[in-house]
Amino acid sequence: MLPMYSDLTLENTRFEHALVSSNSNPHTENMKRLTTGLAIGVAISTLFAGVYAANASTPSNATLQKRLIACGSIPNGSSLTVVETTRLSLFLPKDYYPNITLSMNSHGASAGWVSNAGPYGYAQSGVTKPDCWSYYLDFELTADNKTRSGTVDIGSKNAFKMVSNYLIHFKVVLDPPSATKQVAGNGNVRGQVLLSPVCPVEHIPPDPACSPKPYKTTIDIWSALTGSSYKRVATSVAGVFNLSLIPGPYALQVTQPLNGSLYPRCTEVKFSVVAKKTLKLTVNCDTGIR
């Protein structure tokens, strides 16, 4: 930095001397000095702007984390449990992981590319993420596996030596884990289903007896990415439910009454699960009371 600044000052000093010697008019000399000063200021500003831009784009694990989040990637280093036949999408930023081919190391299980979702690396048209690779994979246990579980490690080599390679670990199981059982690497969802209005007329101040009431029911959960059904769980008497889900986008809906009634009518809720994070949800159901 310092040699560049010194050379720049020296060259502009020489330029200023040349201007002064070319014209002895004091006013003209002052204007030319001003012009030279402005030129120096612009040059220095440009220099520092370039340094700032270079630092802002310098590859690092911190900037990698931001790119992974922008792509909707499963967090680097995650360990997840999936049920056999699970299908999910993986996303990786192209600038950090230029190699389109994922490396895999498996024991008793496999993660195969699902061709009908789109070309390898461009599955489902990248799901509107043009700067990210996208892979749609199907997890299966091998035919000769008698242990009812297997593992698949999936990774990609980073383009920069100072940045971590991408590596996630999957445990593939035959029997689905309980949606309410805590599983390492999964994300948690805690929610409550409420009924309202309870009274035909709202009171001011609000009447505690007219507050939303908990609704004991069942909830259907499905993948918002593939549309495939995932779980059906029951709420408690207090309308509360707890879920442990593989990271990704989901939607849930309260199961419709079997008697064909239009009410209660409950809103569909879309949400995203993040590994090792807890999300709180409220599902509102309209009683039809007016």
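Structure above, values below:
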quantity	calculated
Of all residues making up segment 80-102, the number that are over 23 Å from V163 (Cβ atoms) and of a type in the set (G, A, S)	0
Flag if V201 is surrounded by fewer than 13 Cβ atoms within 10 Å (Cβ to Cβ), over 18 Å from V83 (Cα atoms) and either within 28 Å of the chain's Cα centre (by Cα) or touching a residue at least 12 places away in the same chain (Cβ under 8 Å) (or both)	no
Residue tally, condition assigned to a loop (DSSP other than H, G, I, E, B), at pLDDT 90 or above and surrounded by 14 or more Cβ atoms within 10 Å (Cβ to Cβ), over segment 121-141	0
Filter result for N76 (modelled with pLDDT of 85 or more and not assigned by TED's automatic domain parsing to the domain that holds V152)	no
Filter pass, L64 being of a type outside the set (F, W, Y), modelled with pLDDT of 80 or more and in a strand (DSSP E or B)	no
Count of segment 126-165 residues which are of a type outside the set (A, V, I, L, M) and within 17 Å of the chain's Cα centre (by Cα)	10
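The values are calculated or read from the model by the stated rules, or taken from the named source; none is laboratory data. Quantities reported herein were computed from a predicted structural model and do not represent experimental measurements. Every residue, glycine as well, gets a Cβ built from its backbone with ideal geometry; the counts of neighbours run over all protein chains shown.
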